[in-house]
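A.B. asks: Following this message is one structure expressed as structure tokens.
The values are calculated or read from the model by the stated rules, or taken from the named source; none is laboratory data. It should be emphasised that the depicted structure is a prediction, and the values quoted were computed from it without experimental measurement. Heads up, the Cβs are rebuilt from the backbone with ideal geometry, glycines too, and the neighbour counts pull from every protein chain shown.
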Amino acid sequence: MGITPRTGVALALLLPAAQAQFDPLAWTLHGSPHGSGTVDATAMHIVGSDGDFNCTQGAEVWFETATTAGGTVSVHFDWDNQDGGFGWWLVEAPFYRIGAQTTKVSSGLGGGFEYVDFAKDVSFHVPAGTTLAFGVWSLDCFAGPGVLHLTGFEFEPDTWSPLGAGLAGTAGTPSLVGLGALLPGTPWTFSLVDAAPSAPAFLVLGSTPLLAPFKGGVLVPEPAQLAALATGPTGRIILNGSWPAGVPSGLQLVLQYWVADTAGPAGYSASNGVLALVP
């Protein structure tokens, strides 16, 4: 097939469990040069644009991550309006952003714009492979900045996360789905459907995403092991079992099928990638 698994590469990558700190994710400050921000293990501090009549309306200052594995976020917003007493007309708000979708966090008193101080606990879900950001949005940049202080950040990774990057073949794009809580003694199922019927299939396993060009598609896992299988007459492979005891919490697996398929651009189709994370 052209994949040579690297020897000596374990299938496990121990990740930190959910904890109240920002360190597990890498953050980069973006936005207007008039604002600023700091982040450490336990707190993020963002100061909105301030002190410039020429500031672009709708200016933003924000911290953003690289792509994540997907999971549930909880965090405490502490919003401080420092507009010098002109809050009745200052237009600004704290926000979080998932990919391209921005959500302003409001006290409920400002109609989406925050001219009062408030504290609020917020939680939401981040899909796999999507960036996450926290920031301050300012329509006016000359009356004093809004200041956002974030604490109590927790990121709980999803057990199963789809990573996309399928490659169409005879029966369309093969679909790979993982099911199960991945707790000792509980059932798990790993299902491939919509693949070419009665065809050689290769399950590629790794511990980290690679996302490299391969045979006209994208090889999702960094290959560590390769299992040679075959699809059934309906183009399916169903693997299942009982999750064993002793598997460490935080163990990460990235999986993808490649199927021999004359309809693929280089003689193969591919499923979407899937990331499994043991809770």
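A.B. asks: Out of the residues in the stretch 109-153 that are surrounded by fewer than 19 Cβ atoms within 10 Å (Cβ to Cβ) and under 14 Å from the mean Cα position of the chain (by Cα), state the one that is modelled with the highest pLDDT.
C.D. replies: My answer is F124.
A.B. asks: Something else about it: Could you please tell me which pairs satisfy a Cβ distance under 6 Å, a separation of 6+ or placement on different chains, a first residue in the stretch 258-273 that is part of a loop (DSSP other than H, G, I, E, B), and a second residue that is charged (D, E, K, R) and surrounded by fewer than 24 Cβ atoms within 10 Å (Cβ to Cβ)?
C.D. replies: A266/K215
A.B. asks: Tally time: how many residues in the stretch 234-250 are within 17 Å of S198 (Cβ to Cβ) and either loosely packed, with under 13 Cβ neighbours inside 10 Å or in contact with a His (Cβ under 6 Å, 6 or more places away or on another chain) (or both)?
C.D. replies: Total satisfying the criteria: 2.
A.B. asks: Specify which of the listed residues (P248, P233) is touching a Pro at 6+ places or on another chain (Cβ under 6 Å) and not hydroxyl-bearing (S, T, Y).
C.D. replies: Unique residue meeting the criteria: P233.
A.B. asks: With the requirement that a residue be surrounded by 17 or more Cβ atoms within 10 Å (Cβ to Cβ) and either β-branched (V, I, T) or modelled with pLDDT of 95 or more (or both), what does the stretch 99-108 give you?
C.D. replies: Passing the criteria: only V105.
A.B. asks: In the stretch 46-77, what count of residues is obtained for those that are within 14 Å of S32 (Cβ to Cβ), aromatic (F, W, Y) and either surrounded by 15 or more Cβ atoms within 10 Å (Cβ to Cβ) or at pLDDT 85 or above (or both)?
C.D. replies: The number of residues fulfilling the criteria is 2.
A.B. asks: Of all residues in the stretch 114-137, count the ones that are in a strand (DSSP E or B) and without any contact (Cβ under 8 Å) to a residue 60 or more places away in the chain.
C.D. replies: Qualifying residue count for the region: 9.
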